[in-house]
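Structure, as structure tokens:
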Ligand code: ATP
Ligand code: MG
């Protein structure tokens, strides 16, 4: 019974509750329900968004008056041109390239903005829109899947496709893109997701992006390309503001649909001049990429999920998440005759205030070294004009000879003299200054110019303040420039001053790229780096034109330690070394060539026969003298024989002394060494050696020119020649 009462009570309670609470419940949940329905409707609308509803957007939507903006842009352009002009004036005395570059970049962005403003809706309807169909047909004819896309599809189901235009597109275009890309992806069982976007910045035309690849048929791209060609040419010389604006506008108006294909990636992180990116799946090692801010970089690391590149310029403006564009070529530099007499940076941009570089060709900075069959033996001499080198460690064309020594031992001095000595000898010189002070480079240029050596010389200057990336590529750029001449059949002398700093720059890059470090914290491939570079020096076979590159790398040692890591590496790569001794240098023996530790493994074959004969015993005599001299420091009892050896050794050493900027011709060197070693200078005190040398040269130049020439050209230094030289020297000795 009781249970019946409980049930009846419960039913009454429920009825009362339902009657009282129904309205409240409805009020609470009803609104929510409606909102959910509304949201669902909206979501459906968003999904539909890519397909525009209207065929043609209404004219009113675009009828804006842009006269004010145009005037503003014109004003801005004028301002930029004026500021560039001002830089140009100052550039005459200082290096302002970077500032001019920055102003120029800004100028382009202002001009682009200006053109965007000029494009009214009317213009779009009349001129550009008609081209949309054409553009998209062309693009659809081009689209393919790249290896990078395939790799992406292995790990993902959907490949994103984005269609961007300046104005809303008609339905049929969007549909045809959807259809074509779906079909393309069907071939590899992948799916696409098409996004349709609008971007006024494009000005006109269409851009289709499939994965990382962009097919660009827009006016904005056209202007970008135009800007690129303009920046290679001298602008701002005669051009007025109006002229520039007119050219830019004309370019936009006479727009012909051209499809540019390139790849895009994205910046993940940037620090210390290194940028990690994703995307760009098809990129190659050594390729150039361009960042949105206009800076460029070179790919040095390719990993499965990221790509590392070094940034050439300033990296402060590069944002994480910004776009990176593949330029589509391996890093290369301008080459050709126009480089002679110029000072350029590691990328071949002139920095000498002599204006634009009118180059026609470029060459990749990394290139394969000539193979064994392409090479000929080293057989013609490259005279340095320095007695101690030409007589003792002769260098031949196509040889690689290391110049090694502590700091401040006259390493740079030796090669500057060598460059000066190449005057009228048909040898082109390329001096690569890595990590040197700007003032030093300016001084060197000044010296070369005043000696008439700049006419056949190019200086590549990468100061210590430049990024490690630029220091790293500088010798490669220089070699690319040298190779151009070599393959033209010319002789080139290239100097890397110095490779120790180059190794340090590469170590910095490698550590920043998180590569494992080895001995002295240098990366494992540092040997390969330098051998790859120096192996490009060669003497080409006659079939290839017979040109040559002679490489003189410089290495700085610490406290004369030539067995450190980098010195031993480079010693084993090169065909010999000239060791400049700090001790000799401080004693005043300059150039401070250490005879015992210097060697030239192939240059002997290239010496003139006379020099070869005359200098054959020189090395042993000098070594003997040094040994004796050191020994004699402790003794006082000297027999006559030893005294004689010491005196003649002293004279020989004295004869090998040479001031800077005073190269001596090869035949004069031969005569001098012959005269001293045969005892014609025996009566002379070491202090008078300089005067003896001068008189001797004068005598042979003025009175025995024929004999001097014979010594230079003779096929053999035979007894007859020797006798006539002896006769001439006796005559000269009588006059003393
Ligand atoms: P760094 O290690 O700084 O590059 P370096 O080894 O290249 O130095 P240099 O700059 O060529 O040395 O020369 C050092 C100094 O020695 C300079 O002041 C130079 O003028 C002087 N010097 C070099 N060679 C000679 C020479 N043959 N006669 C007189 N002075 C010389
Ligand atoms: Mg130096």
Would you check if residue 274 is surrounded by 17 or more Cβ atoms within 10 Å (Cβ to Cβ), closer than 18 Å to residue 328 by Cβ and modelled with pLDDT of 90 or more? no
Looking at the stretch 597-606, is at least one residue at pLDDT 90 or above, buried (at least 20 other Cβ atoms within 10 Å of the Cβ), within 16 Å of ligand 1 (Cβ to nearest atom) and more than 21 Å from residue 504 (Cβ to Cβ)? yes
Note on the stretch 419-446: residues in contact with a strand residue (DSSP E or B) (Cβ under 7 Å, 6 or more places away or on another chain), more than 11 Å from ligand 2 (Cβ to nearest atom) and part of a helix (DSSP H, G or I) are 419, 438, 445
Which residue pairs have Cβ atoms under 9 Å apart, sit 6 or more places apart or on different chains, and have a first residue in the stretch 488-509 that is on the phi > 0 side of the Ramachandran plot and a second that is crowded, with 21+ Cβ neighbours inside 10 Å? 489/547
If a residue has to be within 16 Å of ligand 1 (Cβ to nearest atom) and at positive phi to count, how many in the stretch 564-586 make the cut? 0
Residues that are away from ligand 1 (no atom under 16 Å from the Cβ) and either in contact with a helix residue (DSSP H, G or I) (Cβ under 8 Å, 6 or more places away or on another chain) or closer than 21 Å to residue 570 by Cβ (or both): does the stretch 416-425 have at least one? yes
Would you pick out the residues in the stretch 188-213 that are buried (at least 23 other Cβ atoms within 10 Å of the Cβ) and without any contact (Cβ under 8 Å) to a residue 60 or more places away in the chain? 207
Per the filter on the stretch 567-584, residues over 29 Å from residue 379 (Cα atoms), within 16 Å of ligand 2 (Cβ to nearest atom) and crowded, with 21+ Cβ neighbours inside 10 Å are none
Hey, among the residues in the stretch 392-414 that are at pLDDT 95 or above and assigned to a helix (DSSP H, G or I), which one's nearest to ligand 2 (Cβ to nearest atom)? 412
Please state which of the following conditions residue 346 fails to meet, knowing it meets all the rest: (1) under 30 Å from residue 260 (Cα atoms); (2) surrounded by fewer than 24 Cβ atoms within 10 Å (Cβ to Cβ). (2)
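The values are calculated or read from the model by the stated rules, or taken from the named source; none is laboratory data. Since we're looking at a predicted model, the values are computed, not measured. Note: ideal-geometry Cβ built from the backbone for every residue, glycine included; neighbour counts use all protein chains shown.
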